[in-house]
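Everything below concerns the one structure shown next.
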Amino acid sequence: MRSQYADIFNHNEDAPDYDVDVTDESRPLRAAYSEVLDWVSSQAAVDRLTRVLELGSGTGNLSARIPHCAELVCVDIAPRMESIAAAKLGHLPHRHYVESDLLEFFDTNPGRFDVVISTYAIHHLIEEEKLMLFVRIHDHLVARGRAVFGDLMLPTAAHEESILAEFRARDDEETCAALKEEFFWHVDTATQALESLGFDVRARRFSTLSHGICARKPA
Ligand SMILES: C[S@@+](CC[C@H](N)C(=O)[O-])C[C@H]1O[C@@H](n2cnc3c(N)ncnc32)[C@H](O)[C@@H]1O
């Protein structure tokens, strides 16, 4: 199954400017970007024997933080984002790219992973698709495996209006447009959904708009 807005949120057109864009952490959408990627890679606790799946790998900024593992399978719908990743990460022989939608990828029977990681990609899936993705991730993780996410997230759906009002009052059109047009996670419902699948879940706030979630599958 393919996610509904895969073609709209395909970042091919953004590829040339993406790496400069994410370095401006003064913008609320990018606040704590590098800290979130550092946290996701540290929580993933990858070693040389770990098989890792990265969802929405973009220009490879999270992959770059996984220098050693058994295999790093990177999924993204945008081959132009991957061209930039490939140019930066040619020294990582364990890294492989798959051009695919995040949900559709699981229809290819990719086997099981020790770790699934993703930063700033899953907010392009609608709520129902996020829940479907959690099930697929659960089913493709080994026992004691973990999924670590960093993304645009709000604590609850109820915060959406007040946060939008806050950015409207600041005339921050970029953030308002993202809040209206993209599908920011809600930490409370995502946590509940992951817990209902049996994961142990911990969440951490990095900025007004960015949070991390680490979900561990029990033995
Ligand atoms: C904001 S970028 C994040 C890239 C990278 N993970 C990072 O943290 O910098 C989102 C990435 O997700 C990809 N993407 C968006 N929707 C997707 C989908 N449905 N399936 C696969 N990739 C998708 C985009 O092409 C883009 O490369």
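For the reader, a short list of remarks on this structure follows.
- Options Ala158, Ala121, Ala178; residue that is farther than 26 Å from Pro218 by Cα, small (Gly, Ala, Ser) and touching a residue at least 60 places away in the same chain (Cβ under 8 Å): Ala178
- If only residues of region 175-204 that are under 15 Å from the mean Cα position of the chain (by Cα) and under 14 Å from His159 (Cα atoms) are counted, the one that is most open to solvent (accessible area, probe 1.4 Å) is Phe183.
- Picking from residues in region 120-166 that are open to solvent by 30 Å² or more (accessible area, probe 1.4 Å), part of a loop (DSSP other than H, G, I, E, B) and within 17 Å of Ala215 (Cα to Cα), the one that is nearest to the ligand (Cβ to nearest atom) is His140.
- Region 167-176, residues that are part of a helix (DSSP H, G or I) and not aliphatic (A, V, I, L, M): Phe167, Arg168, Glu173, Glu174, Thr175, Cys176
- Cβ-Cβ under 8 Å pairs, at least 6 apart or on other chains, region 29-52 side farther than 24 Å from Phe167 by Cα and near the ligand (Cβ under 10 Å from one of its atoms), far side open to solvent by less than 60 Å² (accessible area, probe 1.4 Å) and assigned to a loop (DSSP other than H, G, I, E, B): Leu37/Asn61; Leu37/Leu62; Val40/Leu62
- Qualifying residue in region 94-110 (condition: more than 14 Å from the ligand (Cβ to nearest atom), open to solvent by less than 50 Å² (accessible area, probe 1.4 Å) and in contact with a helix residue (DSSP H, G or I) (Cβ under 9 Å, 6 or more places away or on another chain)): no
- Look at (1) open to solvent by 60 Å² or more (accessible area, probe 1.4 Å); (2) within 8 Å of the ligand (Cβ to nearest atom) and you find that Met1 fails only one, number (2).
The values are calculated or read from the model by the stated rules, or taken from the named source; none is laboratory data. Quick caveat: nothing in here was measured; it's all calculated off a predicted structure. Cβ coordinates were reconstructed from backbone atoms using ideal geometry, including for glycine residues, and neighbour counts include every protein chain displayed. Surface accessibility is based on the protein's heavy atoms, side chains included, excluding ligands, DNA and RNA. Shrake-Rupley method; radii C 1.70, N 1.55, O 1.52, S 1.80 Å.
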